[in-house]
Amino acid sequence: MKPPRALPILSLVLLAAAGRGEIIERVIVKVNGDVVTQSEFEARQVAAVQQARIPADQIEKFLRDNNAHILQEAVDDLLLVQRAADLGLKMRPDYIKEVIEGIKKENNIASDEDLQQQLKREGMTLEELKRNIERNILKRQVMQRELENRVAVTEDDVKAWYESHKEDYTKPATVHLSQILVGADGRNPNLARELVARARGGEDFAELAKTYSAGPNKASGGDLGVLRRGDIAPEVEKVAFALAPGEVSEPIPTAEGYRILKLGEKTEGSVVPYEDARLEIQRRLNQTRTNEEVEKYLEGLRQKAIVDVRVREVPLQLTQPAPSGGTRLEPSAEALDPASPAPAPAPTANPDAEITTTPQESAERVAPPATGAPAPTPTPPPPPQ
């Protein structure tokens, strides 16, 4: 696995609260015995509000609409970390140190002291940062290991998509037309021929249209804009696409009268070659397939899990400040392994979704596993430098 260029502190603050030694606080949900505490949940709320750029007066509504989804994300993250333990995945301490150095470089943090000051502003400690770096990377490793073969896109897949969606890669022929419409009465065939002669003789077509046209666009000099095949009547289209740029047509008899066309510009139709479209199609198929497979995988973990939601009501106001103006270190596009599958898209929030289990009568004592406990094996090989 290629080392991340940097790992954003914003994404790492989320799971910090449950790891601060022995804490007495409210448990929101238990997942196979592991917990999401209220402080962790509130950190996730802060991150969600910051990411969505929610103004202060809309935070309560945003949280009411999205708390159920924020809770589901917390549950899914725990399930992935637990799955990493089942697979025996473990990060080397020196690799975590490399990631921290990447964070410092990416965010122009000069020293360990400056990093700790920034972490303090984020409400974290260095140990919490290390712990959450490990969790985030382990989650990505699980997804890569479990889903890589399922989301692979072959050349045949890309070609099949291109052939079945070729209309999406076809640029139609277009014409930019101006028009003079001469009404259909007894004398107007002669007027139409006169206007054609005057336009071909050098008089300004737009001024002639403003003066003589009966069309609705006379005020704009008869400008019809850019039109594709199929946008205009067949008898008019045939004449329009046969004109050369700057050419004025003969009068065209129609039900509304006589139409005189002038061609401004013309483009020929074309098809984007397969080689030019291949990478874009491959990315699209990979993203779609990844989203589908990640959701299926998470659903499988959820069905096997024992999830106990302990608290009926969760905060609708932020108890931690939502930073603005760059006070948080923003996520990097390649903060995690770019070869790993992307997370599934967030499901649409249900405004009526509520957490409806029995309230917890009192806070619980939350103690993380002892740091000296033996680590699962085997350990994955060191990431290539």
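Before moving on, here are some points about what is shown:
- Charge dipole (the stretch 159-313, unit charges on Cβ, about Cα centre) - positive-most of 169, 225, 181: 169
- With 0.36 nm allotted per residue and the present C-alpha distance subtracted, the residue 241-residue 204 stretch has 11.2 nm of extension available.
- Share of pairwise Cα separations in the stretch 148-201, more than 16 Å, in percent: 69
- Here the convex hull built on the C-alpha positions of the stretch 96-186 has a volume of 308 cubic angstrom per residue.
- Computed over the stretch 38-194, the ratio Rg/Rh where both radii use C-alpha atoms and Rh is Kirkwood: 1.33
- Cleavage-rule hits (GluC sites (Glu not before Pro)) in the stretch 251-280: DSSP loop, at most 15 neighbouring Cβ within 10 angstrom: 256, 268
- The stretch 123-131 - phi-based ³J(HN,Hα) in whole Hz, Karplus 6.51/-1.76/1.60, Gly and Pro as x: x, 10, 10, 5, 5, 5, 4, 4, 4
- Electrostatic dipole magnitude of the stretch 248-314 [Cβ: Lys, Arg +1; Asp, Glu -1; Cα centre; debye, to 20]: 340
- Cα extents of the stretch 204-301 along the three principal axes, largest first (Å): 73, 28, 24
- 31 Å Cα-Cα threshold exceeded, pairs from 30/104; 166/238; 30/130; 30/296; 61/105; 61/120: 30/104; 61/105
- Estimated distance in nm for a label pair at residue 226 and residue 53, the labels positioned 7 Å out from Cα along Cα-to-Cβ: 2.8
- Residue 215 long-range amide H proximity, modeled H, under 5 Å: 181
- If R0 is 30 Å, the Cβ-Cβ spacing of residue 268 and residue 155 corresponds to a FRET efficiency of close to 0.50.
- If the segment from residue 256 to residue 125 were pulled out straight at 0.36 nm per residue, it would be longer than the present Cα-Cα gap by 39.4 nm.
No lab work stands behind these numbers, since they all come straight from the coordinates. Since the model is a prediction, treat every value here as computed from it, not as a measurement. Note that we place each Cβ from the backbone using ideal geometry, even for glycine, and neighbour counts take in every protein chain shown.
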